[in-house]
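Asker: Can you keep this structure in mind? I'll have questions shortly.
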Amino acid sequence: MDNKRLVIFLDSGDTIIDESTEVRNDEGIVVSADVIPGADTMVKTLYERGYTLVLVADGDTQSFYNVMKQNGLFDYFTALIISDSIKATKPSPRMFKAAAGAVELTEQDYGRVIMVGNNLSRDVKGANALGITSVFQSWTPRYPHEPADETERPDFIILEPLELLELADRLNEQLEAELQIRG
């Protein structure tokens, strides 16, 4: 498996995990939840194709360990960057910088990173501010679909998880071509 140039940051809630299926304990920790249809296949396929995957999510660390392990997705991520551990939430640059650092990327590498999420004001706005390519997954009706302003305008929109497979391959091919031209 050859590692792809494109690095993929993924949100969890309503991007991989269906928030409407979350079951929480008395402390508010998510103990179980279902994946969005196709999301588990998306994660596994991207990993098998050689993409580096980093979970970049707001919430309690234990919640994400629980649902990723329950759904068999934990091991596909090179790193998990959770707001509870970073002490910041998206769109804070700290979340994205921590994710980049976890896979040994520098600010010069942001042009080969995409952030995929369901929240324009967190995932898209935070990625856009750092020059990371933003991908809005508009699967859920629970969050706004229209940008509040230009800072929330996504570079790409996908309707459901499996659409990311083709988009990732296309963006990776562009990165490889640019590398060959510069090479």
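Asker: Would you be so kind as to identify all helices of the chain, as entire DSSP H runs, whose Cα atoms reach 20 Å or more along the helix's own axis and whose mean Kyte-Doolittle hydropathy is at least -1.0?
Answerer: Values: long enough: 163-182 (29 Å, -0.48).
Sorted by number, the helices that extend far enough and score high enough are 163-182.
Asker: Determine the order of Val103, Val54 by accessible area, beginning with the largest, at a probe radius of 1.4 Å.
Answerer: Working: Val103 30, Val54 0 Å².
Heavy-atom accessible area, descending, gives Val103, Val54.
Asker: Another question, if that's okay. With the Cα gyration tensor of the stretch 42-142 giving a ≥ b ≥ c as the square roots of its eigenvalues, does the rule (a/c under 1.5 for rounded; else a/b larger than b/c for prolate; else oblate) give rounded, prolate or oblate? Intermediate values should be presented prior to the final figure.
Answerer: Values: a/c = 1.27, a/b = 1.16, b/c = 1.10.
Since a/c stays below 1.5, the shape of the stretch 42-142 is classed as rounded.
Asker: State the percentage of accessible surface on the chain attributable to carbon and sulfur atoms; use a 1.4 Å probe and exclude ligands, DNA and RNA. Could you put the intermediate results ahead of the total?
Answerer: Numbers: 4080 of 8710 Å².
So the carbon and sulfur contribution to the accessible surface is 47 percent.
Asker: If you don't mind, another one. Hey, can you find the accessible area per residue of the chain for me, probe 1.4 Å, expressed in square angstrom? If you can, show how the numbers build up before the last one.
Answerer: Values: 8710 Å² over 183 residues.
Computed with neighbouring chains in place, this is 48 Å² per residue.
Asker: Starting at the first residue of the stretch 11-28, write each ³J(HN,Hα) from the Karplus equation 6.51 cos²θ - 1.76 cosθ + 1.60 with θ = phi - 60°, in whole Hz, x for Gly and Pro.
Answerer: Along the stretch 11-28, the couplings run 6, 10, x, 6, 10, 10, 9, 7, 4, 5, 9, 5, 10, 10, 8, 4, 8, x Hz.
Asker: Would you mind telling me the antiparallel percentage of the DSSP bridges in the stretch 7-182, rounded to 5?
Answerer: In the stretch 7-182, approximately 15 percent of DSSP beta bridges are antiparallel ones.
Asker: Skipping prolines and chain starts, which residues have an amide H placed within reach, meaning under 5 Å, of the one on Ala79, given they are 5 or more residues away or on another chain?
Answerer: Leu55
Asker: Sticking with this one: Are there any trypsin sites (Lys or Arg not before Pro) in the stretch 100-152 that are in a DSSP loop and have at most 13 other Cβ atoms within 10 Å? List them by number.
Answerer: Values: sites: Arg112, Arg122, Lys125, Arg142; in loops: Arg142.
Those that pass, being in a loop and sparsely packed, are Arg142.
Asker: About the Cα centre of the stretch 7-182, what is the dipole size in debye to 20, counting +1 per Lys and Arg Cβ and -1 per Asp and Glu Cβ, all else neutral? All intermediate terms of the calculation are to be shown ahead of the outcome.
Answerer: Details: 15 positive and 30 negative charges, 86 e Å.
For the stretch 7-182, the charge dipole is close to 420 debye.
Asker: Tell me, how many Å apart are the Cα centres for the stretch 118-183 and for the stretch 25-93?
Answerer: Here the answer is 18 Å between Cα centres.
Asker: A follow-up question, please. May I ask you to list the trypsin sites (Lys or Arg not before Pro) in the stretch 9-109 that are in a DSSP loop and have at most 10 other Cβ atoms within 10 Å of their Cβ?
Answerer: Passing sites in the stretch 9-109 are Lys87.
Asker: Determine the dipole magnitude for the stretch 10-101: charges of +1 sit on the beta-carbon of Lys and Arg, -1 on that of Asp and Glu, nothing else is charged, the reference point is the Cα centre, and the result goes in debye to the nearest 20.
Answerer: Working: 8 positive and 14 negative charges, 105 e Å.
Taking the Cα centre of the stretch 10-101 as origin, the dipole is about 500 debye.
Asker: Loop only by DSSP, 13 or fewer other Cβ within 10 Å of the Cβ. Give me the GluC sites (Glu not before Pro) in the stretch 1-57 that pass, ordered by residue number.
Answerer: Values: sites: Glu19, Glu22, Glu27, Glu48; in loops: Glu22, Glu27.
Counting only loop positions with at most 13 other Cβ atoms within 10 Å, the GluC sites (Glu not before Pro) in the stretch 1-57 are Glu27.
Asker: Sticking with this one: Could you work out [θ]222 nm for the chain from helices alone, using -39500 (n - 2.57) per DSSP H run of at least four and dividing by all its residues? Round to the nearest 500 deg cm²/dmol.
Answerer: One gets -9500 deg cm²/dmol as the mean residue ellipticity at 222 nm.
Asker: Let me ask something else. Relative contact order for the stretch 1-105 using alpha-carbon pairs under 8 Å, separation at least 6, rounded to a whole percent? Each step should come with its number before you reach the end.
Answerer: On the way: 169 pairs, mean separation 28.3, N = 105.
Reported relative contact order: 27 percent.
The values are calculated or read from the model by the stated rules, or taken from the named source; none is laboratory data. None of the values given here were measured: they were computed from a predicted structure. Every residue, glycine as well, gets a Cβ built from its backbone with ideal geometry; the counts of neighbours run over all protein chains shown. Heads up: the accessible areas ignore ligands, DNA and RNA and are worked out on the full protein's heavy atoms, side chains in. Shrake-Rupley method; radii C 1.70, N 1.55, O 1.52, S 1.80 Å.
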